[in-house]
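The values are calculated or read from the model by the stated rules, or taken from the named source; none is laboratory data. This one's a predicted model, so the numbers in the text were calculated from it and none came from an experiment. Quick reminder, even Gly has a Cβ in these numbers, built from the backbone with ideal geometry, and neighbours come from all protein chains shown. Accessible surface is based on the protein model in full, side chains and every heavy atom, while ligands, DNA and RNA are left aside. Shrake-Rupley method; radii C 1.70, N 1.55, O 1.52, S 1.80 Å.
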Amino acid sequence: MSDFTPTERTQVHRLSKRGVYEREAVYRILDEGLVCHVGFVADGKPVVIPTGYGRKGDTLYLHGSTASRMFRALGKGADVCITVTLVDGLVLARSAFHHSMNYRSVVIFGKAVVVEDPAAKREALHVFTEHVAPGRWKEIRPPSEKELQATTVLAIPLEEVSAKVRTGLPLDDEEDYALPVWAGVLPLELTPASPLADDRLPKEIAVPEYVRSYRRKGR
Ligand SMILES: Cc1cc2nc3c(=O)[nH]c(=O)nc-3n(C[C@H](O)[C@H](O)[C@H](O)COP(=O)(O)OP(=O)(O)OC[C@H]3O[C@@H](n4cnc5c(N)ncnc54)[C@H](O)[C@@H]3O)c2cc1C
């Protein structure tokens, strides 16, 4: 698996040592994330829309209503920029200036391709569902023909991609270390709360193991 090559668009400029181009490291971030932000130009104006996604190999999949503006625009071959962000902690420095966050983020540039083949479309929806809740697909009713027709699936090849990662403690100015103010990192983590059963769920259906022990993949 070859790593990404920084391009004119994906070269991290500020704090460039935080730039990451190893494919495996980038995919670990994508596999842990749940939400991406999709940036594109619609009717001459920029717009950024949050949505879910899934990844298989070197392809990112988006799915949505055939009526959605985003899917119509991207389906016509609009340039797209997609980001995924994981916030790992609040970096609380002694000065306002040096406050920061620990994070892992990915930026993807490209063009989407509409997945037309019904089998490939089903496979993408499988990938999407398993990305959100691994183990779920084998239990649920698969999409009907009508549902498939109402859904657009887009494939974005993962070719022009960067990641950026900040870890560690605050970096204060030397003279500020004498200030009597707490400094450090407040780690943040996405942790599931207790599952809430649907009102219409028969009592004998237990919470599946993959829900009880839910964790994001990269963790
Ligand atoms: C949770 C979070 C909070 C942040 N808070 C701040 C903040 O308050 N102020 C601030 O200046 N910056 C912040 N950043 C960093 C910010 O994302 C940019 O990296 C920063 O603005 C530097 O931009 P630049 O001009 O060097 O890069 P640009 O010229 O804007 O970017 C060049 C290329 O580098 C790559 N790149 C840049 N940033 C990222 C990234 N974060 N992830 C993956 N690839 C990237 C992209 O491919 C991009 O096209 C934050 C990032 C995250 C994830």
- Message: If C81 meets every condition in (1) within 21 Å of S162 (Cα to Cα); (2) touching a helix residue (DSSP H, G or I) at 6+ places or on another chain (Cβ under 8 Å) apart from one, which number is that one?
- Response: (2)
- Note on the structure: The residue that is farthest from the ligand (Cβ to nearest atom), considering only those in the stretch 88-122 that are among the charged types (D, E, K, R) and in contact (Cβ under 8 Å) with a residue 60 or more places away in the chain, is R94
- Among the residues of the stretch 141-160, is any away from the ligand (no atom under 16 Å from the Cβ) and either on the phi > 0 side of the Ramachandran plot or among the aromatic types (F, W, Y) (or both)? no
- Could you list, in sequence order, all residues of the stretch 145-170 that are within 28 Å of E116 (Cα to Cα) and either of a type in the set (D, E, K, R) or in contact with an Asp or Glu (Cβ under 6 Å, 6 or more places away or on another chain) (or both)? E145, K146, E147, L158, E159, E160
- Just for the stretch 9-35: of the residues that are more than 9 Å from the ligand (Cβ to nearest atom) and over 19 Å from Y61 (Cα atoms), which one is modelled with the lowest pLDDT? K17
- Query: Would you call L179 in contact (Cβ under 8 Å) with a residue 40 or more places away in the chain and open to solvent by 60 Å² or more (accessible area, probe 1.4 Å)?
  - Reply: yes
- Task: Please specify each residue of the stretch 42-83 satisfying the condition of being surrounded by fewer than 18 Cβ atoms within 10 Å (Cβ to Cβ) and within 16 Å of the ligand (Cβ to nearest atom).
- Result: P46, V48, P50, D79, C81, T83
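Could you list all residues from the stretch 20-40 that are open to solvent by 20 Å² or more (accessible area, probe 1.4 Å) and either of a type in the set (G, A, S) or part of a helix (DSSP H, G or I) (or both)?
Once the filter is applied, which keeps residues that are open to solvent by 20 Å² or more (accessible area, probe 1.4 Å) and either of a type in the set (G, A, S) or part of a helix (DSSP H, G or I) (or both), the stretch 20-40 yields R23, E24, A25, R28, D31.
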- over 30 Å from E209 (Cβ atoms), more than 12 Å from the ligand (Cβ to nearest atom) and touching a residue at least 24 places away in the same chain (Cβ under 8 Å), is that true of L169? yes
- Which one of these does T7 not meet: (1) open to solvent by 40 Å² or more (accessible area, probe 1.4 Å); (2) within 20 Å of the chain's Cα centre (by Cα)? (2)
